[in-house]
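S.K.: The following block contains the structure, expressed as structure tokens.
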Ligand SMILES: Nc1nc2c(ncn2[C@@H]2O[C@H](COP(=O)(O)OP(=O)(O)OP(=O)(O)O)[C@@H](O)[C@H]2O)c(=O)[nH]1
Ligand SMILES: [Mg+2]
């Protein structure tokens with residue numbers, strides 16, 4: 001499988017706009033010999049703004065366009081008219097993008113939320129027109145501020161968190177529900193198969209300052225590799241995840257069998273998928289009592305060999321903290 005469409009590291013050149021000059025202008029009208037100052041302010045230079053988008057998965061947009069310049073503010077004019085602000089430029093990036101200063105490699109910011117906007121390079125302020133500078137002793141100032149020039153910056157965009165954890169499961173297993181309780185993502189959830197039609201990403205916040213990305217993709221079914229269902233096409237989205245979470249509902253007739261089918265489809269897609277860390281999570285365990293869980297544990301321990309497993313319930317909020325702890329460990333070991 002090629003990974004040609006994954007671009008997760010780019011260097012781009014940014015330039016914010018110059019502020020417009022303040023105007024030096026003296027008001028003139030017929031019959032008014034000594035008009036006052038009326039030079040308006042310059043407009044603000046355009047900002048360069050980074051914006052998070054849940055619909056983006058890579059930095060592919062930046063593969064060909066590497067230079068971004070915001071508009072300049074217009075100069076102020078007579079009659080105290082303020083120049084128009086320069087046009088802002090937005091750079092849309094996937095969630096989990098880290099932006100570094102290309103020279104110092106220092107992290108400037110990180111984008112984790114859909115729609116989140118951060119100004120990375122502010123436009124220069126417009127200069128103030130001479131109207132602002134009139135004083136008791138100088139009624140006709142012939143002075144206005146120049147605009148402040150824009151700035152230049154070379155940055156590295158790095159997709160650090162390209163979905164660290166991928167959710168794999170049959171349709172209706174509760175994948176989207178899990179994403180919705182661990183992250184701020186709001187995927188569609190319903191009691192029928194193929195509710196999820198395209199992948200959803202969410203950022204799982206872990207103990208104050210850490211986070212990782214979780215990807216929810218459409219359900220996988222037996223025969224997916226031959227084109228059945230939808231999930232297969234989207235497997236490439238979790239191809240780069242370091243950890244796969246196999247979600248199998250507590251009411252599955254045969255958990256081990258379901259796991260084997262999922263594993264088989266992944267193998268057919270790309271055998272390297274099996275090299276990833278994986279964990280089996282029994283979802284909807286609010287349907288089980290402790291006795292049943294204990295019994296199942298004994299069986300699963302034998303059947304799954306060394307693959308770790310655990311019980312959770314997104315609805316009843318059972319085992320979620322433990323799940324995050326385990327995932328974090330797997331990601332960082
Ligand atoms: N009892 C119980 N039901 C759950 C739990 N988690 C999810 N469900 C229900 O299971 C059904 C399917 O949930 P989804 O999250 O949409 O499942 P999915 O795996 O994303 O399904 P697809 O998108 O179709 O692949 C919904 O009716 C959920 O309310 C849980 O912890 N307990
Ligand atoms: Mg879903």
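Bear in mind that the values in this text are calculations on the coordinates, not laboratory data. These numbers come from a predicted model, not from an experiment. Cβ coordinates were reconstructed from backbone atoms using ideal geometry, including for glycine residues, and neighbour counts include every protein chain displayed.
S.K.: Starting from 0.36 nm per residue, how many nanometres of slack lie between residue 290 and residue 210 once their C-alpha separation is accounted for? Mind showing how you got there, number by number?
M.R.: On the way: separation 80, 0.36 × 80 = 28.80 nm, distance 3.22 nm.
Here the answer is 25.6 nm.
S.K.: D for the chain, whole µm²/s, Stokes-Einstein with Kirkwood Rh over alpha-carbon pairs at 10 °C and 1.306 mPa s: what number? Working shown, then result.
M.R.: Values: Rh = 23.2 Å.
In µm²/s, the coefficient is 68.
S.K.: In addition: Could you grab the relative contact order for the chain? Cα pairs under 8 Å, six or more apart, rounded to a whole percent.
M.R.: Values: 902 pairs, mean separation 52.1, N = 333.
Relative contact order here is 16 percent.
S.K.: Let me have the 222 nm mean residue ellipticity of the chain computed from DSSP H runs of 4+ only, each contributing -39500 (n - 2.57), with the sum over all residues rounded to the nearest 500. Walk me through the numbers on the way to the answer.
M.R.: Working: 5 runs with 54 residues, N = 333.
Helices in the chain give a 222 nm mean residue ellipticity of -5000 deg cm²/dmol.
S.K.: In nm², what is the average projected area of the convex hull enclosing the Cα atoms of the range 238-277?
M.R.: On the way: hull surface 11.3 nm².
Its Cα hull, projected and averaged over all orientations, spans 2.8 nm².
S.K.: Full-extension gain between residue 298 and residue 65, please, as 0.36 nm times their residue separation minus the C-alpha to C-alpha distance. Walk me through the numbers before you get to the answer.
M.R.: Working: separation 233, 0.36 × 233 = 83.88 nm, distance 5.60 nm.
Result: 78.3 nm gained on full extension.
S.K.: Take every DSSP beta bridge with both residues inside the chain and express the antiparallel ones as a percent of the total, to the nearest 5. Intermediate values should be presented prior to the final figure.
M.R.: Values: 31 of 58 bridges.
Antiparallel: roughly 55 percent of the beta bridges in the chain.
S.K.: Sticking with this one: Using 7 Å Cα-to-Cβ label points, what is the residue 136/residue 306 separation (nm, one decimal)?
M.R.: 8.8 nm
S.K.: I've got another one for you. For the chain, set up a GNM with springs between Cα atoms under 10 Å and report which of 299, 12, 107 has the largest fluctuation.
M.R.: 299
S.K.: Taking 45 Å as R0, compute the FRET efficiency from the Cβ-Cβ separation of residue 257 and residue 152 and round it to 0.05.
M.R.: Values: r = 60 Å, r/R0 = 1.32.
With a Förster radius of 45 Å, E is 0.15.
S.K.: Would you order 192, 143 from fewest to most other beta-carbon atoms within 10 Å of each residue's own beta-carbon? Numbers along the way, then the final one.
M.R.: Working: 192 7, 143 14.
With the sparsest Cβ surroundings first, the list reads 192, 143.
S.K.: Based on the Kirkwood radius over alpha-carbon pairs, what value in µm²/s does the Stokes-Einstein equation return for the translational diffusion coefficient of the range 165-332 at 25 °C and 0.890 mPa s? Walk me through the numbers before you get to the answer.
M.R.: On the way: Rh = 15.9 Å.
Taking Rh from Cα pairs, D becomes 154 µm²/s.
S.K.: How tilted is helix 290-303 with respect to the longest principal axis of the chain? Cα atoms for both, answer in degrees (0 to 90, nearest 10).
M.R.: The angle comes out at about 80 degrees.
S.K.: Just the Kirkwood number for the range 3-159, please: inverse of mean 1/r across all distinct Cα pairs, in Å, one decimal. It would help to have the intermediate numbers written out before the result.
M.R.: On the way: mean 1/r = 0.0581 Å⁻¹.
One decimal place: 17.2 Å for the Kirkwood radius.
S.K.: Further question on the same structure: By count of other Cβ within 10 Å, fewest leading, how are 80, 134 ordered?
M.R.: Details: 80 18, 134 14.
Ascending Cβ contact count within 10 Å gives the list 134, 80.
S.K.: Return the single residue from 253, 268, 198 with maximal mean-square fluctuation; model: Gaussian network over the chain, springs between Cα atoms under 10 Å.
M.R.: Of 253, 268, 198, the Gaussian network model singles out 253 as fluctuating most.
S.K.: Just to be sure I understand: with springs between alpha-carbon atoms less than 10 Å apart, which residue in 101, 306, 41 has the highest mean-square fluctuation in the Gaussian network model of the chain?
M.R.: 306
S.K.: Please arrange 68, 269 by how many other C-beta atoms lie within 10 Å of their C-beta, fewest to most.
M.R.: Details: 68 16, 269 20.
If I rank by nearby Cβ atoms, fewest first, I get 68, 269.
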